[in-house]
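Worksheet for the structure shown next.
The values are calculated or read from the model by the stated rules, or taken from the named source; none is laboratory data. Given the structure is predicted, the values throughout are model-derived calculations rather than measurements. Because the Cβ atoms are built from the backbone with ideal geometry, glycine has one as well, and the counts that use them run over all protein chains shown. Quick note on the areas: whole protein, heavy atoms, side chains included, nothing else; ligands and nucleic acids left out. Shrake-Rupley method; radii C 1.70, N 1.55, O 1.52, S 1.80 Å.
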Amino acid sequence: MFDNWEALEKECMQCRKCGLCEHRTNVVFGTGNRNAEVMFIGEGPGENEDLQGEPFVGRGGQLLDKMLTAVDLDRHKNIYIGNMVKCRPPKNRDPRPEEQEMCIEWLRNQVKLIRPKIIVCLGRIAAAKIIKPDIKITKEHGIFFEKNGVQMMAMLHPAAVLRDPRKKPEAFEDFLTLRDKIKEICTHTYTDTEE
Ligand code: URA
């Protein structure tokens, strides 16, 4: 474990712990406010993220940004966004359990440095690894679980909402639930104005 961001990021950017490093353009380390009380965790980079080195920058990311804005959240101001695996799996396949296992150490270190009050997992893969292995995302999205003193919630993955736009209202409902929880337990999320 690294106790500072500089060392952690430097090591992570050079990672060769699993085969995903062979195909990457960029390591997608994570972005946002390192003092955030709210952390979002996705599954892993897609093509756009791999090319740009930033999480959620494709169409799913645009939808995510819209929903964030609607509840006064901003990836550059008052939240942090990371992924469970930092390199793009070929053809966007699900990251394999051994790849997740190798990579999650980086995420654990990020969580340790940020010490978020709330963790939001985007999609089933991240939620199963981080919240509970048997999570049923269709039934249990939008519900808070407490784990190790942190409030954790799964949301539908933006890509799933893009595939089926009828899911938009229930997806947005979760952002309202999140806003209520932030107001209840966070102290500076809604007053943070810069990184
Ligand atoms: N999907 C994810 O889970 N993460 C990203 O960064 C982009 C798409």
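Cα centroid distance between segment 115-157 and segment 29-87, in Å?
16 Å
Taking the Cβ of GLY142 as the center, what net charge do the other residues with Cβ under 9 Å away carry, scoring Lys and Arg +1 and Asp and Glu -1?
-4
Mind checking segment 124-195 for trypsin sites (Lys or Arg not before Pro) that DSSP puts in a loop (not H, G, I, E or B) and that have at most 13 other Cβ atoms within 10 Å?
Of the trypsin sites (Lys or Arg not before Pro), the ones in loops of segment 124-195 whose Cβ has at most 13 other Cβ atoms within 10 Å are LYS136.
I'd like the accessible area for VAL111, computed on protein heavy atoms only with a 1.4 Å probe and all protein chains in place. Round to 10 Å², please.
It works out to around 40 Å².
I'd like to know which of MET67, LEU107, ASN92 lies farthest towards the positive end of the charge dipole of the chain, counting +1 on Cβ of Lys and Arg and -1 on Cβ of Asp and Glu.
My answer, from the dipole projection, is ASN92.
In debye, nearest 20: dipole of segment 1-59 around its Cα centre with unit charges on the Cβ of K, R (+) and D, E (-)?
Dipole of segment 1-59, to the nearest 20 debye: 100 debye.
For GLU105 and ASP74 in the same chain, what is the full-extension length gain: residue separation times 0.36 nm, less their Cα-Cα distance, in nm?
Taking GLU105 through ASP74 to full extension adds about 8.6 nm, to one decimal.
Check which residues have an amide H placed less than 5 Å from ILE79's amide H, if you skip close sequence neighbours.
ASN33, ASP74
When ligands, DNA and RNA are left out and all protein chains stay put, how many square angstrom of accessible area per residue does segment 19-75 have with a 1.4 Å probe?
40 Å²
How would segment 143-195 be classified by its alpha-carbon gyration tensor: rounded, prolate or oblate, with rounded meaning a/c under 1.5 and the a/b versus b/c comparison settling the rest?
Note, shape of segment 143-195 comes out prolate.
So which of LYS17/LYS91; LYS66/LYS181; LYS139/LYS167; LYS10/LYS183; LYS139/LYS181 end up more than 24 Å apart, counting from Cα to Cα?
Pairs exceeding 24 Å: LYS10/LYS183.
When a/c is below 1.5 the answer is rounded, else prolate if a/b is larger than b/c, else oblate, so apply that to segment 1-124 with a ≥ b ≥ c taken from the square roots of the Cα gyration tensor eigenvalues.
oblate
Charges on Cβ only, +1 for Lys and Arg, -1 for Asp and Glu, centred on the Cα centroid of segment 94-154; of ALA126, MET152, THR138, which one is farthest towards the dipole's positive end?
Positive-end residue among those listed: MET152.
About its Cα centre, how strong a charge dipole does segment 131-195 have in debye, to the nearest 20, once Lys and Arg get +1 and Asp and Glu get -1 at the Cβ?
So the dipole magnitude of segment 131-195 works out to roughly 380 debye.
About the Cα centre, and with charges only on the beta carbon of Lys, Arg (+1) and Asp, Glu (-1), how big is the dipole of segment 1-153? Nearest 20 debye, please.
260 debye
Give the cross-link partners of LYS129 among the aspartates and glutamates, using a straight C-alpha distance below 16 Å as the criterion and excluding same-chain residues fewer than 8 apart.
Partners within reach: GLU43, ASP94, GLU98, GLU99, GLU101, GLU105, GLU140, GLU146.
Counting Lys and Arg as +1 and Asp and Glu as -1, what is the net charge of the other residues whose Cβ lies under 12 Å from the Cβ of PHE175?
Charge balance near PHE175 sits at -2.
Rounded, prolate or oblate for segment 107-195? Axes are the square roots of the Cα gyration tensor eigenvalues, ordered a ≥ b ≥ c, and the cut-off for rounded is a/c under 1.5.
oblate
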